[in-house]
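The values are calculated or read from the model by the stated rules, or taken from the named source; none is laboratory data. None of the values given here were measured: they were computed from a predicted structure. So basically every Cβ, Gly included, is an ideal-geometry build from the backbone, and we count neighbours across all protein chains shown. Note: areas computed on protein heavy atoms with side chains; ligands, DNA, RNA excluded. Shrake-Rupley method; radii C 1.70, N 1.55, O 1.52, S 1.80 Å.
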Amino acid sequence: MTTDGFTTCLWFDGQAEEAADYYVSIFKNSSVGRVGRFTEAGPGPAGSVVAVEFTANGQKFVALNGGPQFKFNEAISFQIFCADQEEIDHYWNRLTENGGEGGPCGWLKDRYGVSWQVVPDRLIDMIGDPDPEKATRTSRAMLSMGKLDIAELDRAYSGE
């Protein structure tokens, strides 16, 4: 990793390496980088993973085994902008599998409790359209959904 830009650090309780491998398996342009291990100095058992650098969808992350003190919540989420329904379905299905859970309006939590928003890349333009009827119809449709359905959003936007 370079010192340019930002790296998001995700705090886990013993699952840092597992989580890094999980995210790398879901996103394109992803890889696991350096793995740091505790030494005899601790605080974890010598040889166990303290941190894993990884890239997911071109974004830099560090997964840290920090302990049970902190949990993820919806105050922070990652947005995944999708070009089509196939992408939405892929990310939604992979991120909710094995303990993840879907939420309203394209939001979900993965098996680790990390919040994601899986949305069509054009959604902001649709709900922010200067035509208030188009924006309102699209917003109402979105608010009625869990996983977002692009065809349904397009129908609402066009007034069909």
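When ALA141, ALA83, ALA63 are screened for being hydrophobic (A, V, I, L, M, F, W, C) and over 23 Å from TYR157 (Cβ atoms), only ALA63 passes. Among the residues of region 10-44, those identified as open to solvent by 20 Å² or more (accessible area, probe 1.4 Å) and part of a helix (DSSP H, G or I) are GLU17, GLU18, ASP21, VAL24, SER25.
Filtered by the rule that a residue be touching a residue at least 12 places away in the same chain (Cβ under 8 Å) and either closer than 15 Å to LYS109 by Cα or open to solvent by 80 Å² or more (accessible area, probe 1.4 Å) (or both), region 70-88 gives PHE70, LYS71, PHE72, ASN73, GLU74, ILE76, SER77, PHE78, GLN79, ILE80, PHE81, ILE88. Give me a count of the residues in region 1-32 that are in contact with a Lys or Arg (Cβ under 9 Å, 6 or more places away or on another chain) and of a type in the set (Val, Ile, Thr). Here the count works out to 4.
Candidates ASN73, ASN98: the one that is more than 16 Å from ALA19 (Cα to Cα) and among the polar types (S, T, N, Q) is ASN73.
Among the residues of region 119-160, those identified as loosely packed, with under 14 Cβ neighbours inside 10 Å and in a helix (DSSP H, G or I) are ILE124, ASP125, PRO132, GLU133, THR136, ARG140, LEU143, ALA151, SER158.
The selection criterion, being at pLDDT below 95, assigned to a loop (DSSP other than H, G, I, E, B) and either open to solvent by less than 20 Å² (accessible area, probe 1.4 Å) or within 17 Å of ILE26 (Cα to Cα) (or both), holds for GLY67. Looking across region 45-64, just one residue is within 13 Å of GLN15 (Cβ to Cβ) and surrounded by fewer than 16 Cβ atoms within 10 Å (Cβ to Cβ), and that is SER48.
Scanning region 70-96 for residues that are closer than 26 Å to VAL35 by Cα and in a loop (DSSP other than H, G, I, E, B) yields PHE70, LYS71, PHE72, ASN73, ILE76.
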